[in-house]
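Scroll down for the structure; my scribbles are underneath it.
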Amino acid sequence: MHRSLSDIEGIVCDLDGVVYRGESALPGAIEAIAYIQAQGIKVLFCTNNSRATIAQYADKLARLGIDVPAELILTSAVVLGEVLRDRSPRPESAFVIGGDGVREAVERAGLTVSDDDFDDDVDVVAVGWDPSFTYDHLKRAAFALHRGAALIATNDDATFPAEEGRLLPGAGAIVAAVEVGGGVKAEVLGKPHRPMMDAAAARLAPATRIAVIGDRAETDLAGGYAMGWRTILVLSGVTSAQQAQTLQQQPDAIVETLAKLAP
Ligand SMILES: [Mg+2]
């Protein structure tokens, strides 16, 4: 096994740009994960992408050849649901900008999702990545925020990689629009922010020697540094070898692909 994994008990493994890109598994990634799991290391798949539900992620991973129980998949949408569920007093209603993942998480937390275009009397505006985001959504969110609703966001990634190698605007771009329109700052939960890092640590417990594997310095690595975890940067996603050299804080290891972590 790769030296960066010696003594490691648990791994927080990013998905996009690490395990797959779009619908295709990255070369050798599936075999590497199987090898790591076979060494008794618990692997938690952890993504800031909030669009899909956990069942949809489990299906996708199964299609690619990874069988993983739902409790070992963590999305920023699930963290959002858990944060709302644990809030006291618990908010009752929400306006959701986001995909199925956010909507399901908000509903599971016991909130009613309002779909009435003229209803701006909600407790929470919950924002994730949403390709159908429009000015009308922005307007409705702003009205609710002006009335005092809380703004909570799955993540603030500026971009994310599309299959063909281009970078698409991420949830952070939508969150920024809602913040400006509503005149408030969002509470952001995804990597590198603490709520998601804590949720990941809780799922890997009692493991304490944890490594984070990711392709993005400002989310995956930054979250790992903050937790005191080992950090492994893979170059199969958004960060090039050249960019990796210029990072102010260097990860514990840099590997071309996940495949390099297995013999
Ligand atoms: Mg990634």
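Using the structure shown, decide if Ala126 is surrounded by 15 or more Cβ atoms within 10 Å (Cβ to Cβ), assigned by TED's automatic domain parsing to the domain that holds Pro91, hydrophobic (A, V, I, L, M, F, W, C) and touching a residue at least 12 places away in the same chain (Cβ under 8 Å).
yes
Could you look through segment 134-162, keep only residues that are more than 16 Å from the ligand (Cβ to nearest atom) and within 24 Å of Leu15 (Cα to Cα), and pick out the one that is surrounded by the most Cβ atoms within 10 Å (Cβ to Cβ)? For segment 134-162, the residue satisfying everything is Ala153. Scan segment 226-236 for residues that are surrounded by fewer than 17 Cβ atoms within 10 Å (Cβ to Cβ) and either modelled with pLDDT under 95 or touching a Pro at 6+ places or on another chain (Cβ under 8 Å) (or both) and the total you get is 1.
Taking the conditions exactly as written (farther than 21 Å from Arg166 by Cα, within 14 Å of the ligand (Cβ to nearest atom) and aliphatic (A, V, I, L, M)), does Met196 satisfy them or not? Can you show your working first?
Values: farther than 21 Å from Arg166 by Cα: yes; within 14 Å of the ligand (Cβ to nearest atom): yes; aliphatic (A, V, I, L, M): yes.
It is true that Met196 is farther than 21 Å from Arg166 by Cα, within 14 Å of the ligand (Cβ to nearest atom) and aliphatic (A, V, I, L, M).
Return the residue satisfying two criteria in turn: it lies in segment 163-187 and is of a type in the set (A, V, I, L, M, F, W, C) and closer than 18 Å to Asn48 by Cα, and of such residues it is surrounded by the most Cβ atoms within 10 Å (Cβ to Cβ). This residue is Ala171. Scanning segment 28-43 for residues that are touching a residue at least 40 places away in the same chain (Cβ under 8 Å), under 18 Å from Leu204 (Cβ atoms) and either more than 16 Å from the ligand (Cβ to nearest atom) or in contact with a Gly (Cβ under 7 Å, 6 or more places away or on another chain) (or both) turns up Ile36, Lys42. Only one of the numbered conditions (1) in contact with a Gly (Cβ under 6 Å, 6 or more places away or on another chain); (2) part of a helix (DSSP H, G or I) is not met by Gly237, and that is (2). I'd like the full set of residues that are of a type in the set (A, V, I, L, M), surrounded by 16 or more Cβ atoms within 10 Å (Cβ to Cβ) and away from the ligand (no atom under 15 Å from the Cβ), limited to segment 199-225. Selection gives Ala199, Ala201, Leu204, Ile210, Ala211.
For Gly190, indicate whether it is surrounded by 19 or more Cβ atoms within 10 Å (Cβ to Cβ), touching a residue at least 40 places away in the same chain (Cβ under 8 Å) and away from the ligand (no atom under 16 Å from the Cβ). No: the conditions fail for Gly190. For segment 237-254, the condition of being within 14 Å of the ligand (Cβ to nearest atom), at pLDDT below 95 and in contact with a helix residue (DSSP H, G or I) (Cβ under 7 Å, 6 or more places away or on another chain) holds for at least one residue. Could you grab me the full set of residues in segment 251-263 that are more than 22 Å from the chain's Cα centre (by Cα) and not hydrophobic (A, V, I, L, M, F, W, C)? Across segment 251-263, the qualifying residues are Lys260, Pro263. All conditions in (1) surrounded by fewer than 16 Cβ atoms within 10 Å (Cβ to Cβ); (2) among the charged types (D, E, K, R); (3) modelled with pLDDT of 95 or more hold for Asp14, with the sole exception of (1). Entry remark, segment 41-66: residues being part of a strand (DSSP E or B) and of a type in the set (Val, Ile, Thr) number 2 in total.
The values are calculated or read from the model by the stated rules, or taken from the named source; none is laboratory data. Being a predicted model, the structure only gives us computed values, none of them experimental. Please note: Cβ atoms are built from the backbone with ideal geometry, for glycine as well, and neighbour counts cover all protein chains shown.
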